[in-house]
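The structure appears below as structure tokens.
The values are calculated or read from the model by the stated rules, or taken from the named source; none is laboratory data. Predicted model only: the values in this text are computed from it and were never measured. With ideal geometry, Cβ positions are generated from the backbone for all residues, glycine too; neighbour counts draw on all protein chains shown. Please note that ligands, DNA and RNA were not included when accessible areas were found on the heavy atoms of the full protein model with its side chains. Shrake-Rupley method; radii C 1.70, N 1.55, O 1.52, S 1.80 Å.
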Amino acid sequence: MPDESPTGLRDRLPLLLIIAALVLTVAAITTVVVLAGRQAAQDDAPDTGPLAIPAVDAPGAGSRSCSVLMSALPDDLSGLHRRQLTGAQPGVAAWGDPALVLRCGLSDPAELTCSARLMQFTDASGGSVSWLQLSDPSAVTYIAVDRPVRIAVTVPPGSGMGPIQQLSELIAADLPSRPVCQNGVLVPPDNG
């Protein structure tokens with residue numbers, strides 16, 4: 001039978017402390033390994049891997065306005081990480097998985113008319129951007145129509161408006177506003 005006297009406990013105290021320290025050390029190492037594994041899994045997640053974007057007609061993608069916009073785009077957009085793209089395409093950027101895709105320098109869509117219903121996003125400094133919303137079953141596309149170039153942002157379902165608001169602030173700050181129509185005629189994009 002073990003010695004339960006105060007002297008016996010005192011004699012075993014250093015051994016108990018060593019055992020407790022070993023248990024805590026093993027627990028800490030296990031926690032670090034588990035967290036490192038989770039971080040590695042997140043780093044290998046699809047939203048950070050290269051992404052192929054189908055090419056579309058974008059006559060203004062190489063314009064000065066698109067160059068200004070592309071250089072101002074953030075690495076993180078409303079919590080979505082910017083994706084590396086396969087096959088260089090000027091005027092294209094993407095974030096997240098499923099990808100939110102921005103294209104700069106597009107031609108006017110058929111839905112854009114002088115009577116089209118536009119959405120306005122206004123930032124804290126009073127700058128605003130006019131967007132034309134196009135929907136299909138798999139995604140929603142917003143097209144900024146009151147800038148020198150047309151900028152399309154396609155968002156997956158359920159993305160919310162945070163990315164459009166953040167991009168509106170950036171577009172309002174970096175590209176001059178201009179009318180969508182003059183004298184009942186669409187002002188064409190400056191694709192030069």
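Regarding SER115, is this residue in contact with an Asp or Glu (Cβ under 6 Å, 6 or more places away or on another chain), modelled with pLDDT of 95 or more and open to solvent by 50 Å² or more (accessible area, probe 1.4 Å)? Please lay out each step first, then the result.
Details: in contact with an Asp or Glu (Cβ under 6 Å, 6 or more places away or on another chain): no; modelled with pLDDT of 95 or more: yes; open to solvent by 50 Å² or more (accessible area, probe 1.4 Å): yes.
So SER115 fails the test.
In the set ASP190, ASP123, which member is open to solvent by less than 30 Å² (accessible area, probe 1.4 Å) and not hydrophobic (A, V, I, L, M, F, W, C)?
ASP123
List the strands (runs of 3 or more DSSP E) that sit entirely inside segment 115-192 and contain at least 2 residues that are touching a residue at least 12 places away in the same chain (Cβ under 8 Å) and β-branched (Val, Ile, Thr).
The qualifying strands (runs of 3 or more DSSP E) are 139-144, 150-155.
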